[in-house]
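Nothing in this text is a laboratory measurement; each read-out follows from the coordinates by a stated rule. No experiment lies behind these values; they were computed from the predicted model shown. Every residue, glycine among them, receives a Cβ derived from its backbone with ideal geometry; neighbour counts consider all protein chains shown.
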Amino acid sequence: MNGRRTTAQSEKTAGRGRVAVASASPSEGSGIEGSREFQLQEIRRELERQRQALLDEAGVGFIQESKTPSFPDVSDQASAEADQHFALRIRERERKLIKKIDEALNRMATRSYGICESCGEEIPIPRLKARPVTTLCIACKTQQEASENGRR
């Protein structure tokens with residue numbers, strides 16, 4: 001991958017039959033491999049930004065949760081408890097997302113990010129941009145969901 005040359009495009013011009021070859025060194029940021037590497041770095045920065053935002057929000061939520069008031073009216077108290085329960089469910093989902101983000105960042109560090117855990121093929125960049133914590137390509141995820149639905 002690193003420093004190799006790849007054929008970017010073949011073109012025939014006026015009967016000469018020339019082949020255009022482009023350098024695809026990741027350090028140059030051109031070609032297929034460099035482009036994928038650049039896009040993976042963008043995804044990494046977005047994951048880090050999202051992780052920090054979740055952690056910042058969790059700190060604010062923790063402070064606010066500790067200030068839950070007590071209401072004399074039973075209906076108001078029940079409503080406040082339902083709101084608190086809902087907030088706790090959201091925090092739990094955010095905690096799980098932070099864990100998935102950490103796992104994705106670890107896969108990036110070990111250079112295994114963007115490889116389907118099931119079939120071993122590269123996961124396309126559009127899928128990684130849409131769901132950066134994914135570990136499966138669309139075909140394997142579809143197959144997994146079909147088998148899960150068959151068990152229910």
Subset of region 109-133 (residues that are under 11 Å from the mean Cα position of the chain (by Cα) and farther than 25 Å from Ser147 by Cα): Ile125, Lys129
Tabulated pairs, region 128-145, first farther than 19 Å from Gln41 by Cβ, second of a type in the set (Ser, Thr, Tyr) and surrounded by fewer than 18 Cβ atoms within 10 Å (Cβ to Cβ), C-beta under 6 angstrom, 6+ apart or interchain: Leu136/Ser118; Cys140/Ser118
Qualifying positions in region 106-123 - outside any helix (DSSP H, G or I), surrounded by 14 or more Cβ atoms within 10 Å (Cβ to Cβ) and of a type outside the set (Gly, Ala, Ser): Tyr113, Ile115, Cys116, Ile123
Matching residues, region 115-126, being touching a helix residue (DSSP H, G or I) at 6+ places or on another chain (Cβ under 6 Å) and within 16 Å of Leu47 (Cβ to Cβ): Ile125
